[in-house]
Amino acid sequence: MRLVPALSLCLLAMPALAWEHTVEWRFQGPEIAGFRVISPDFDEDPEMLEVSLSHQHHGDTIITIEADNGLGECTDTLSYAQGNPFVTVVLTANLNAQTMNGTTLAQCSTR
């Protein structure tokens, strides 16, 4: 009789295993002032993408994203979008990915 409530309390106290922490940036092509890829110094270090944004009302911003799984074709996507007023870039980073450093670039796309 006491076993059922005790088991139900144990189940309620378990952490959520499927929690995903992501951050998303959206910006227009003309806002891209420049970007660069920073290669890792060691095998364990992630690749880094640094995007410099410039907006007439919001000023200058630098976005830095680590990518344990590499950047894929993101540099090609940014090159295509840079200066193009009809393109919106979406960058999504997963900040608790199941990788060595716990971060990866989940999406780099245009709309």
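Things worth noting here:
- Amide N of segment 50-76 lying under 13 Å from the label point, which is placed 7 angstrom from the Cα of Leu95 along Cα→Cβ: 64-66
- Rounded, prolate or oblate (a/c below 1.5 giving rounded, otherwise prolate when a/b exceeds b/c) for segment 37-81 by Cα gyration tensor: oblate
- Rg of the Cα atoms in segment 68-111, relative to 2.2 N^0.38 Å, amounts to 1.29.
- Accessible surface of segment 22-110, 1.4 Å probe, proportion on carbon and sulfur as whole %: 45
- Gyration tensor verdict on segment 22-110 (Cα atoms; rounded if a/c is under 1.5, prolate if a/b is larger than b/c, oblate otherwise): prolate
The values are calculated or read from the model by the stated rules, or taken from the named source; none is laboratory data. Keep in mind that what you see is a predicted model, and the values were worked out from it rather than measured. Cβ coordinates were reconstructed from backbone atoms using ideal geometry, including for glycine residues, and neighbour counts include every protein chain displayed. With ligands, DNA and RNA removed, areas are computed over all heavy atoms of the protein, side chains included. Shrake-Rupley method; radii C 1.70, N 1.55, O 1.52, S 1.80 Å.
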